[in-house]
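The values are calculated or read from the model by the stated rules, or taken from the named source; none is laboratory data. Note that the structure is predicted; figures quoted are calculated from it, not measured. Cβ coordinates were reconstructed from backbone atoms using ideal geometry, including for glycine residues, and neighbour counts include every protein chain displayed.
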Amino acid sequence: MKAIRVHQFGEPDVMKLETVPDPSPGPGEVVLRVKAAGVNPVDTYIRAGSYGKLPMPYTPGLDAAGTVEAVGVGVKVFKVGDRVYTSGTLTGAYAEKALCKIEQVHRLPDQATFAQGAGMNVPYATAHRSLFQKAQAKGGEVVLIHGASGGVGVAAVQIARAAGLIVIGTAGSDKGLALVKEQGAHHVLDHRKPDYLTQVIGLSDGRGVDIVLEMLANVNLGKDLMIMAPGGRIVVIGSRGSVEVSPRELMVRDVTVLGMVLFNATPPETASIHAALVAGLENGTLRPVTGRELPLAEAPQAHKAVMEAGAYGKIVLLP
C-alpha cells in the first residue's frame, strides 16, 4: 500500500509517499481502508519534533475515515464493510490502510461523508472536551470562540449552539466570518480589527463572557482576561509562544485558566466524548465542514496550509 513516511523530523518536505506492507489485525484490532485522512496542527508539531522522539520512520496522522477491511480475533462490534472514523491509529492515518485498536474506531453514520468523518476526532473531540469536561459549560452561558472558522472552531460553534450557549465567534477573513455565522454563532467578530474585543462586553450585556476557547494564547490570553465575567473560565487549546499576563485580572474576576490537550483524556472520558459525537452526527447537529481536499501525495502542502492564517474548515487528504 501507499503511505506517507517520515524518516527524520523537520519541515513539511520530510514527508514522502512510499510503498509499505499492508497491515494485518491482531486480537482486538481493526484494519481500516482509508477514504479520507484529517490534517491537524498537532500533526505538524509531531512532524517537527515538538512532541519528543518517535520510532522512525513513521506515518503521520491521527484522524481517518473509511471502511473496515479486516478484523482481528475478538472483535465483535464491527464487521468488514462497516463505515467508521478513528480517534487515533497504531500505524498512522496518512495511508491507504490503517491499523487501529478497537477502542480507536467509531461508527460513522450513513449521512456523514468520509471527509466529514476524517474531521471528527481532533477538532470535535477537542471542542467537546474543552466545553464540557474542562469548562463545565452550561446552557445560557456566553462563550467566545477565537478562530471559530477553523476545524476546532467550527466544531465548537456547532456543539455550543446545540447545548444552548450564547456563541460569539471570531474569524480573520470575510469567507471565514460568513462560515462562522452559517454554523450558528449568534455574533461574529473580525479579529483583524484592533478593537474587536471591546464589542464583546456590549454583546454580553456588559457582564463579559463566561467561557473563552483560546486557540492562540500567546497573542490573546492577556486580552481575554479583560473581557471575562466573574467566575469565567478560559480553556487554552493552542499557543505558539509565551505571553505576559496580569495576575490581578485573574484575581479580581475569579477567572480560571485551564490547559487542554486531547491526549490527556482518560479512556472513560474519550468513550463519553465519542458517544456524544456519534449522536450529534446522527441527529444533524454536528456537520463537519471540509475546506480543502488534497491527494495523499500533497501532504507537505497540507501541512503548510493548516498553519496559515484565515482558516476555513477542515483540510483532508484523499488516498
Only unsatisfied item for Glu282, checking (1) farther than 21 Å from Gly153 by Cβ; (2) free of Cβ contacts under 8 Å to residues at least 24 places away in the same chain, is (2)
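Out of the residues in region 252-266 that are in contact (Cβ under 8 Å) with a residue 12 or more places away in the chain and more than 14 Å from Ile234 (Cα to Cα), which is surrounded by the fewest Cβ atoms within 10 Å (Cβ to Cβ)?
Pass one, region 252-266, residues in contact (Cβ under 8 Å) with a residue 12 or more places away in the chain: 253-260, 262, 265.
Among the residues that remain, those that are also more than 14 Å from Ile234 (Cα to Cα) are: 262, 265.
Numbers: Leu262: 24, Ala265: 19.
Top of the filtered list is Ala265.
Could you tell me which of the residues Ile166, Ile211 is crowded, with 24+ Cβ neighbours inside 10 Å and among the β-branched types (Val, Ile, Thr)? Steps first, please.
Values: Ile166 fails: crowded, with 24+ Cβ neighbours inside 10 Å.
None of the other options fit; the residue is Ile211.
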Consider region 19-76. How many of its residues are touching a residue at least 40 places away in the same chain (Cβ under 8 Å), surrounded by fewer than 16 Cβ atoms within 10 Å (Cβ to Cβ) and either touching a Ser or Thr at 6+ places or on another chain (Cβ under 8 Å) or not hydrophobic (A, V, I, L, M, F, W, C) (or both)? 7
From the options Ala156, Ala160, Ala185, residue that is buried (at least 20 other Cβ atoms within 10 Å of the Cβ), at pLDDT 95 or above and either in contact with a Gly (Cβ under 7 Å, 6 or more places away or on another chain) or assigned to a loop (DSSP other than H, G, I, E, B) (or both): Ala185
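Table: residues versus (1) closer than 23 Å to Leu216 by Cα; (2) surrounded by 14 or more Cβ atoms within 10 Å (Cβ to Cβ).
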residue: Pro268; (1), (2): no, no
residue: Val278; (1), (2): no, yes
residue: Leu281; (1), (2): no, yes
residue: Arg287; (1), (2): no, yes
residue: Gly291; (1), (2): yes, yes
residue: Val306; (1), (2): yes, yes
residue: Leu317; (1), (2): no, yes
Might you check whether a residue that is within 18 Å of Lys138 (Cα to Cα) and buried (at least 22 other Cβ atoms within 10 Å of the Cβ) occurs anywhere in region 215-225? no
Region 226-251, subset in contact with a strand residue (DSSP E or B) (Cβ under 9 Å, 6 or more places away or on another chain) and farther than 23 Å from Lys138 by Cβ, residue surrounded by the most Cβ atoms within 10 Å (Cβ to Cβ): Gly238
Provide a single number: the residues in region 77-113 that are in a loop (DSSP other than H, G, I, E, B) and either buried (at least 16 other Cβ atoms within 10 Å of the Cβ) or touching a strand residue (DSSP E or B) at 6+ places or on another chain (Cβ under 9 Å) (or both). 20
Lone qualifier among His128, His106 - being at pLDDT 95 or above, within 20 Å of the chain's Cα centre (by Cα), not hydrophobic (A, V, I, L, M, F, W, C) and not assigned by TED's automatic domain parsing to the domain that holds Val255: His106
